[in-house]
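What follows is one structure encoded as structure tokens, with my remarks underneath.
The values are calculated or read from the model by the stated rules, or taken from the named source; none is laboratory data. Here the structure is a predicted model, which is why all the values come from computation and not from measurement. Glycine gets a Cβ as well: all are built from the backbone with ideal geometry, and neighbour counts include every protein chain shown. These area figures cover heavy atoms from the full protein model, side chains too; ligands, DNA and RNA do not enter into them. Shrake-Rupley method; radii C 1.70, N 1.55, O 1.52, S 1.80 Å.
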Amino acid sequence: MRTTIDIPEDLLIEAQDYLGYKSKTDTIIFSLRELIRKKNIEHLKSLAGNLELKIDISKSRRRSENK
């Protein structure tokens, strides 16, 4: 998809230098993917302690009698 957007040149150049990309497109794609990945991680962390799992740990650790 082609889109025209105004991005401060100094910001894009700094991001390119920091990430090591020569392409503006690669810099923006990587940055967007990284933002989404970090937000997904934050969401998963927010679920910690909020899920109720009904697992019998001692039962799940027992080995099967049929070998």
**Request:** Can you pull a Stokes-Einstein diffusion coefficient for region 1-54 at 25 °C (0.890 mPa s), Rh from Kirkwood over Cα pairs, as a whole number of µm²/s?
**Result:** 181 µm²/s
**Complete:** With +1 on the Cβ of every Lys and Arg and -1 on the Cβ of every Asp and Glu, the dipole magnitude of the chain about its Cα centre, in debye rounded to the nearest 20, is 880 debye
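Enter the accessible area per residue of the chain (Å², integer; probe 1.4 Å; all protein chains in place). Don't skip to the answer; put the middle values down first.
Numbers: 7130 Å² over 67 residues.
Per-residue value: 106 Å².
Counting only protein heavy atoms and using a 1.4 Å probe, what share of the accessible area of the chain belongs to carbon plus sulfur, as a whole percent?
Working: 3820 of 7130 Å².
In the chain, the share of accessible area belonging to carbon and sulfur is 54 percent.
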